[in-house]
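In what follows, a single structure is set out as structure tokens and then discussed.
The values are calculated or read from the model by the stated rules, or taken from the named source; none is laboratory data. Quantities reported herein were computed from a predicted structural model and do not represent experimental measurements. We place every Cβ from the backbone using ideal geometry, glycine too, and count neighbours over all the protein chains shown. The area values use the complete protein model at the heavy-atom level, side chains included, leaving out ligands, DNA and RNA. Shrake-Rupley method; radii C 1.70, N 1.55, O 1.52, S 1.80 Å.
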Amino acid sequence: MRFSLGTHFSAAGVATVLVTAATPATVSAINTAGIIASAITQDCISWRVSGICYWLMCTPFGCSVKTSVKVTHFIPEVVVSTYTGPGGNPWTEMAFMSGASGTIDNALTSGAPAGGGNAADIKTPGQRKSNIKFKYADAIGHPATSVIGGSIPGYSCDTAATPFNPYFLSTLDSLVWRSGLPESLYPEALVPGQRELGSQVSANMWGNIYPRSGFVSQTDDDKASAVVAQRVADIITRSGQPHVYQVLKGTHKAGYWPPGEVKENTGTANHKWQRLSPTLSASCAVFPDGAYPIAQDGNEAYALWQPYSCCKRRGQTFLYSTDF
């Protein structure tokens, strides 16, 4: 299932606020200007010449083979936010979205959080403390996605994402986001070692990707937020998932290679994360990425970056490309 709120915002009005890359700092919330500024970092963009493209150019006087440089770089596609209550998105300008779309969630919970927030830390008398946490989550188009992507023809690739577009709002996906059905019955959720963020063998297990719901078994709140963010990225970069969302996937064409589906534990081959809140970082990594401070309010935000490759069209027909 998919949804569309029908409103797309333009990044043109905010592109002029680009400043130098932000240095790491502890923040309680982040705004659009800060998110755009944080995207100007070579560690995350990782631009490089990756090969050569060959094109067949034909004119009335004959045909010849032309070449163009193939480049590869990462583009920030969405800001994934995890938070403890409706309207708690730490991206201040976008916090209204979850509140405005919370009708379904309120109907399912009779207006109560129903496990929302860090209810995992509650201990019932006579019982062991529960490690189950619940997070709301949003995935909204990164405001700098069109600034980084396609800004220099032939040397930067077009992004498949739309700035400020809501790709996932957990308050619209409440039925699946709270129940975990049908994914709790999938083999990925039932077979140990399948689709896990981190590894039991390396004693660095952060959590299961399936079922892709808001509930996480994790004592560390920062790691719980990261697992939820990874689940959201897993959903939106795939078609035909049993969730209410919009697919974020580029279409391959001559001289243009968009990224594939996000997959955990594969290094930076198909994605990486930039922490935005509560720790604003100028670098990118994949989860697990070490120990970080826990947000005082339990709300966190991350930028999802994915790699694109492209080359400038130099003829009518794309022949092939070679990679370095």
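Here are the numbers:
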read-out: Flag if Y308 is crowded, with 16+ Cβ neighbours inside 10 Å, aromatic (F, W, Y) and in contact with a Lys or Arg (Cβ under 9 Å, 6 or more places away or on another chain); value: no
read-out: Test set (1) touching a His at 6+ places or on another chain (Cβ under 7 Å); (2) part of a loop (DSSP other than H, G, I, E, B); (3) open to solvent by less than 30 Å² (accessible area, probe 1.4 Å) - Y210 fails condition number; value: (1)
read-out: Matching entry among I40, I75 (being within 24 Å of Y155 (Cα to Cα) and either open to solvent by 50 Å² or more (accessible area, probe 1.4 Å) or outside any strand (DSSP E or B) (or both)); value: I40
read-out: Residue within region 151-171 that is surrounded by fewer than 23 Cβ atoms within 10 Å (Cβ to Cβ), over 22 Å from P76 (Cα atoms) and in contact with a helix residue (DSSP H, G or I) (Cβ under 8 Å, 6 or more places away or on another chain) present; value: no
read-out: Qualifying positions in region 213-233 - surrounded by fewer than 24 Cβ atoms within 10 Å (Cβ to Cβ) and hydroxyl-bearing (S, T, Y); value: S213, S217, T219
read-out: Hits in region 213-250 (condition: in a helix (DSSP H, G or I) and of a type in the set (D, E, K, R)); value: D221, D222, K223, R231, D234
read-out: Unique residue being without any contact (Cβ under 8 Å) to a residue 24 or more places away in the chain, over 22 Å from H271 (Cα atoms) and buried (at least 18 other Cβ atoms within 10 Å of the Cβ) when the list is A203, A189; value: A189
read-out: Out of P293, P288, sole residue that is over 19 Å from L197 (Cβ atoms) and open to solvent by 20 Å² or more (accessible area, probe 1.4 Å); value: P293
read-out: Selection within region 128-163 - farther than 21 Å from G298 by Cα, touching a Ser or Thr at 6+ places or on another chain (Cβ under 8 Å) and assigned to a loop (DSSP other than H, G, I, E, B); value: P143, G149, G150, G154, C157, T159, A160, A161, T162, P163
read-out: Pair list, Cβ under 8 Å, 6 or more apart: region 250-265 residue aliphatic (A, V, I, L, M), other residue not in a strand (DSSP E or B); value: A254/R313; V262/Q230; V262/A233; V262/D234; V262/T237; V262/N270; V262/H271
read-out: Among (1) modelled with pLDDT under 95; (2) open to solvent by less than 10 Å² (accessible area, probe 1.4 Å), the one test that I236 misses; value: (1)
